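Undergrad: Structure below; questions to follow.
The values are calculated or read from the model by the stated rules, or taken from the named source; none is laboratory data. Remember, predicted model here, so these are calculated numbers, not experimental data. Here the Cβ positions follow ideal geometry from the backbone for every residue, glycine too, while neighbour counts run over all protein chains shown.
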Amino acid sequence: MYKFLLPLLFLCAVGSTSFAQKTWTGTSSERWTDDGNWEPLGIPASAANITIPEGTPNSPVVPAGSNINFGSIKLNHGATFTVEAGATMTSTASQNRTLEILGRFINYGTITITNNAVGPQDWAAIEINNGGLLGNAGTLTETGTISVGIFVVSGELYNASGGLLSLDNNFGLVSLPRCDIINENGAEIRVKGTLFSIADIVNNGKFVCDGNVMLMGGTTKNEECAHFQVNGSLTIDDEASRGMTNEGTTIITDSLKLPMGIFENAGILKLKTLDAADQDNFKILYNQEKRTGSALVTDDPKLLIIDYGTESGFDILGIFSDQEGTQTAGTFDGYDFTPVLSLPPGSQTLYVQMVINHSDCVYTVPFNYVMSDPPGTWTGAHSSAWSRADNWTYSKVPDATMNVYIPAGTPNDPVISVANAVTNDLTIAAGASLTMTGRGVFAIYGNAINNGAFYAGVEGAWVAFVGTGTQTIPGVEYSVLSLGGDARKQLTGDASVNSLILLSGNTKVALGDNDIALVNNALIEGAGAGSYFITDGTGGFKKENVGSQEFSFPVGTESGYSPVVLSNLGIADNFTVRAGDGAYPTYADNVPQGSPVTSMAVNKTWYVSEDVPGGSNVTMSLTWNKSDELPSFDRGMCFISHYKNNKWDEIPAGSVEGSDPYTERRSGITSFSPFAVTNPNSPLPVTLARFDVVSEGNTALLSWSTTSETNSDRFEVERSSNAKDWESIGAVGAARESQVLTDYRFVDSHPLVSKESFYRLRMVDTDGTFAYSRIRNLSFSGSGKSLAYPNPATEKLFVQNSTQVSSARISDMNGKVVYWTSKVSDAGIRVDNLPAGLYVMEISWTNGLKAVQKILIER
């Protein structure tokens, strides 16, 4: 290799591709961007070849904020060139020596060079020669197919603290004798190709080479606390007394090769293999008097760590599965590494944190570890039979205390066809499967996690979750699903059961946001106050084909069992039911709004939905416990109320059935949403018939109407710019008690005219409970463009963009509507039949915008 590089000193004289030539004069200032500093006059074009001579009045500086494109730069001996922080320079020229540095090149900014030149194998994108200096405290990135990224022929490469050099070439970095490469503390050099050096290298920071490193001369020193990493092999081939000294941490993922030269370890060395022509070439350094030593780490299956120097201060701080040291992977007792049980099987990279030589430096050293498969791991080596021992690690069929892991890629996936398959935890990996036959019975005592496929729906297959602790249940298709063990279960996905759900003891199943469905004629047994489905999210219990035969949905909340019984005299349909705590004034898409009522109702909401709306005729029974009743609730005079059309309805009241629990019944139900049990004149809410917001000049007009009010106190108007953060901008008193249409108005005199405004009503009752209206939005952008004209008008009014109008209404000043239409033609609106005077015209467009304009009609 050394002989191969010698002709480079001569070949570097080969010319580059010809571009426009520019020479720095520095006549006007030091600024690169000053036209008067160049010969010929003018800032260099992006493809220019630039020469910076010595002895100019001012040395060039690329100022912060500049974005410079260039072809090539030659910095002559004695000249200085500086790139300030915040400046960028970019070159994509494909030629030899994009940067030729014979003087001092100092970079604080960002330099990016992409060079895809095809030439001799010793062409370089950056060359440092004739005693030149490349000093980097910014970011310098070099990529491309040219042979050498940086070639230090004669000079110095200095990477200061905060500097980053990133080189991606066949030979990322090459240096010859009498050259220095210095990487300071806080700096980083990344070389993605081979590093070839006959120079001196001093590393105080982070030096990473993703290829091989060849130290063929000079001395290399990795200082204390520094990190030198070779993701390949490190070869030292020099005089017998020269080579590399490590006082920090040196990591070699392949071999350390010492045909000649030495490697002296006074820090922490991690390697795979050592290949030394003479064992004396590898020197282990320690000093008992100074209490310094060294350590060697290798990828032994047990993690081999050998330290030298009994008082060196060597210590293991921890072993982790992440480089940041936040996830413990196991313990090391000085001889053996013991992994945590949660460590996944297979080969993986772990990290050991270490200290040595009584230093404050903490070294993180990666090592490869192969986690053997624990008992209960399926191998499928011989067949698919669960019950065959040689299909499992350690030739042991799982028992109730063993965790089962089914990996992907085994010769055979497991099949349960026996009546005594058991496990503690079950994990099915992505890409793996577990299948049950009609004779299979599978008892699970722990948690089940299905990331692959769990086929348990074949007729007759029986899966039983029988653990006495909390268990997770995968959302798959089951034939028979048995739930016992007097413990809480958690469904983790949508599930269906095509034969039987069997509940026993005090077993409650939380659904979260998942549904569980009884398919067709499947049955459920054992449900009651002790065992039922807790609907604590958006998930519910579904029964397919509900017809005239009554079916009880075994649902409830954390506070108790609240089943729903349905029979359907109409067209059979699939129904989903869930129960929730609290009865609320209003709901938006089945989500409660505001605070719950506090009296004269059962403290529950039952949510019922059908798959195909229409055609049903349902009789419903709702059941609750005495503890669910709010103060002043009267069991002798109550009814099931249905929330529809944004309001609660009211039917004739009657008395309940049963005695703790209690049941109320309602027939003739044809649509579905929230249901509650309440008394007449209960505090269930104001019924809001409409709520509109339109612009009127530079103000926003809010109007709304109610059809009934009970114990209503006030309407608080709230405004927002993002529909998340709200502010109160006023209030309007309510009618308190009303069963007739009541209109309200509010004017926002200072709306957010520069952006979209959002409005809502906070409807507050006399007892302090409240509910929110739906949100309305208003944008003033464009609202003044498409109003009616002429104004004043005599015979006709015209509306701009009339084809986009969804409605237009004209009212007199008393609020009486004198004209309304849902379609405006180009012929205009006739107003010659209206008395002269002032009117208000409201226009709505199909894009949702609304506007209000006062119109004067004259005669």
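Undergrad: Which condition number does I101 fail, the rest of (1) out of contact with any Gly (no Cβ under 7 Å at 6 or more places or on another chain); (2) within 21 Å of S147 (Cβ to Cβ); (3) of a type outside the set (F, W, Y); (4) modelled with pLDDT of 95 or more being met?
TA: For I101, the failing item is (1).
Undergrad: Output the qualifying pairs, or none if there are none: Cβ atoms under 8 angstrom, residues six or more apart or on different chains, first residue in segment 703-729 and under 16 Å from R690 (Cα atoms), second residue buried (at least 16 other Cβ atoms within 10 Å of the Cβ) and acidic (D, E).
TA: V717/D748
Undergrad: Still on this structure, please answer the following. If A689 satisfies all but one of (1) crowded, with 18+ Cβ neighbours inside 10 Å; (2) over 18 Å from S749 (Cβ atoms), what's the number of the condition it fails?
TA: Here A689 meets the rest and fails (1).
Undergrad: Now, a different point. Quickly run through segment 112-162 and pick out the residues that are assigned to a strand (DSSP E or B), charged (D, E, K, R) and within 18 Å of N96 (Cβ to Cβ). Don't jump to the end; show me each part of the working.
TA: Our first condition is that a residue be assigned to a strand (DSSP E or B); within segment 112-162, this holds for 112-114, 124-128, 132-136, 139-143, 148-152, 155-159.
Next, from what is left, pick out any that are charged (D, E, K, R): 127, 142, 156.
Answer for segment 112-162, where residues must be assigned to a strand (DSSP E or B), charged (D, E, K, R) and within 18 Å of N96 (Cβ to Cβ): E127, E142.
Undergrad: Further, regarding this structure: So, Q323, is that one surrounded by fewer than 15 Cβ atoms within 10 Å (Cβ to Cβ) and either under 27 Å from G293 (Cα atoms) or within 33 Å of the chain's Cα centre (by Cα) (or both) or not?
TA: Spelling it out, Q323 is indeed surrounded by fewer than 15 Cβ atoms within 10 Å (Cβ to Cβ) and either under 27 Å from G293 (Cα atoms) or within 33 Å of the chain's Cα centre (by Cα) (or both).
Undergrad: Sticking with this structure for a sec: Out of everything in segment 113-162 that is free of Cβ contacts under 8 Å to residues at least 60 places away in the same chain and touching a Cys at 6+ places or on another chain (Cβ under 7 Å), what residue ends up being surrounded by the fewest Cβ atoms within 10 Å (Cβ to Cβ)?
TA: Out of the qualifying residues, it is S154.
Undergrad: Right, another one. With respect to G409, determine if the residue is within 21 Å of Y478 (Cα to Cα) and not hydroxyl-bearing (S, T, Y).
TA: no
Undergrad: Could you go through segment 658-674 and let me know if any residue there is out of contact with any strand residue (DSSP E or B) (no Cβ under 6 Å at 6 or more places or on another chain), at pLDDT 90 or above, assigned to a loop (DSSP other than H, G, I, E, B) and more than 24 Å from D573 (Cβ to Cβ).
TA: Yes, the conditions are met somewhere in segment 658-674.
Undergrad: Looking at I305, I316, which one is assigned to a strand (DSSP E or B), more than 29 Å from N212 (Cβ to Cβ) and either within 40 Å of the chain's Cα centre (by Cα) or not assigned by the TED database to the domain that holds E224 (or both)?
TA: On inspection, the qualifying residue turns out to be I316.
Undergrad: So how many residues does segment 355-370 have that are under 33 Å from the mean Cα position of the chain (by Cα) and in a strand (DSSP E or B)?
TA: Total satisfying the criteria: 8.
Undergrad: Which residue is farthest from the chain's Cα centre (by Cα), if the candidates are limited to segment 201-210 and must be buried (at least 19 other Cβ atoms within 10 Å of the Cβ) and within 21 Å of L258 (Cβ to Cβ)?
TA: I201
Undergrad: Please go through segment 718-765 and pick out each residue that is acidic (D, E), in contact with a strand residue (DSSP E or B) (Cβ under 7 Å, 6 or more places away or on another chain) and either surrounded by 16 or more Cβ atoms within 10 Å (Cβ to Cβ) or outside any strand (DSSP E or B) (or both).
TA: Within segment 718-765, E718, D748, E756, D765 qualify.
Undergrad: Across segment 161-176, what is the total count of residues that are more than 36 Å from the chain's Cα centre (by Cα) and modelled with pLDDT of 95 or more?
TA: Residues flagged as more than 36 Å from the chain's Cα centre (by Cα) and modelled with pLDDT of 95 or more within segment 161-176 amount to 0.
Undergrad: Condition first: without any contact (Cβ under 8 Å) to a residue 60 or more places away in the chain and more than 21 Å from N514 (Cα to Cα). Now tell me which residues in segment 567-578 satisfy that.
TA: Within segment 567-578, S567, N568, L569, I571, A572 qualify.
Undergrad: Identify, by number, the condition in (1) surrounded by fewer than 17 Cβ atoms within 10 Å (Cβ to Cβ); (2) outside the structural domain of T219 (by the TED database); (3) touching a Pro at 6+ places or on another chain (Cβ under 9 Å); (4) not in a loop (DSSP other than H, G, I, E, B) that S347 doesn't meet.
TA: (3)
Undergrad: Which of the residues that make up segment 73-110 are over 43 Å from the mean Cα position of the chain (by Cα) and assigned to a strand (DSSP E or B)?
TA: I73, K74, L75, T80, F81, E100, I101, R104
Undergrad: I'm checking my understanding of the structure. Among residues of segment 29-56 that are among the β-branched types (V, I, T) and not in a strand (DSSP E or B), which one is modelled with the highest pLDDT?
TA: Start the filter on segment 29-56 by keeping residues that are among the β-branched types (V, I, T), which leaves 33, 43, 50-52, 56.
Restricting the remaining residues to those that are not in a strand (DSSP E or B) gives 33, 43, 56.
Details: T33: 93, I43: 93, T56: 96.
Among them, the one singled out is T56.
Undergrad: Under the condition of being of a type in the set (A, V, I, L, M, F, W, C), in a loop (DSSP other than H, G, I, E, B) and at pLDDT 85 or above, which residue from segment 825-859 is farthest from D692 (Cα to Cα)?
TA: Among them, the one singled out is A836.
Undergrad: Within segment 728-740, does at least one residue satisfy the condition of being under 39 Å from the mean Cα position of the chain (by Cα) and assigned by the TED database to the domain that holds R774? Please lay out each step first, then the result.
TA: Taking segment 728-740 as the starting set, the residues that turn out to be under 39 Å from the mean Cα position of the chain (by Cα) are 728-729.
Cutting the leftovers down to assigned by the TED database to the domain that holds R774 gives us 728-729.
Yes, that holds for at least one residue.
Undergrad: Moving on to the next point. Which of the residues belonging to segment 593-648 are surrounded by 21 or more Cβ atoms within 10 Å (Cβ to Cβ) and basic (K, R)?
TA: Of everything in segment 593-648, just one residue is surrounded by 21 or more Cβ atoms within 10 Å (Cβ to Cβ) and basic (K, R), namely K604.
Undergrad: Let me ask another. Those residues that are at pLDDT 95 or above, part of a strand (DSSP E or B) and of a type outside the set (A, V, I, L, M, F, W, C), I need them from segment 177-217; list them, please.
TA: N183, E188, R190, N203, K206
Undergrad: Pairs, please: C-beta under 7 Å, at least 6 apart or cross-chain, first residue under 17 Å from W386 (Cα atoms) and in segment 443-459, second acidic (D, E) and part of a strand (DSSP E or B)?
TA: Final answer for the pair search is A456/E477.
Undergrad: Restricting the search to segment 784-818, which residues are modelled with pLDDT under 85 and of a type in the set (V, I, T)?
TA: V799, T803, V805, V817
Undergrad: Using the structure shown, decide if V365 is in contact with a Gly (Cβ under 8 Å, 6 or more places away or on another chain), on the phi < 0 side of the Ramachandran plot and either among the aliphatic types (A, V, I, L, M) or surrounded by fewer than 16 Cβ atoms within 10 Å (Cβ to Cβ) (or both).
TA: Criteria not met by V365.
Undergrad: Testing G460 on (1) surrounded by fewer than 23 Cβ atoms within 10 Å (Cβ to Cβ); (2) assigned to a strand (DSSP E or B), one condition comes back false. Which one is that?
TA: Only one criterion in (1) surrounded by fewer than 23 Cβ atoms within 10 Å (Cβ to Cβ); (2) assigned to a strand (DSSP E or B) is unmet by G460, namely (2).
Undergrad: Output yes when any residue across segment 690-705 is outside the structural domain of V618 (by the TED database), of a type in the set (F, W, Y) and touching a Phe, Trp or Tyr at 6+ places or on another chain (Cβ under 7 Å), and no when none is.
TA: yes
Undergrad: Does S59 count as in a loop (DSSP other than H, G, I, E, B), among the polar types (S, T, N, Q) and touching a residue at least 60 places away in the same chain (Cβ under 8 Å)?
TA: On the way: in a loop (DSSP other than H, G, I, E, B): yes; among the polar types (S, T, N, Q): yes; touching a residue at least 60 places away in the same chain (Cβ under 8 Å): no.
No: the conditions fail for S59.
Undergrad: Residues A295, A226: which one is surrounded by 18 or more Cβ atoms within 10 Å (Cβ to Cβ), at pLDDT 90 or above and under 37 Å from the mean Cα position of the chain (by Cα)?
TA: Only one candidate passes the filter, namely A226.
Undergrad: If I filter segment 299-338 down to residues being among the hydroxyl-bearing types (S, T, Y) and at pLDDT 90 or above, which single residue comes out as nearest to P366 (Cα to Cα)?
TA: Residue satisfying both the conditions and the ranking: S321.
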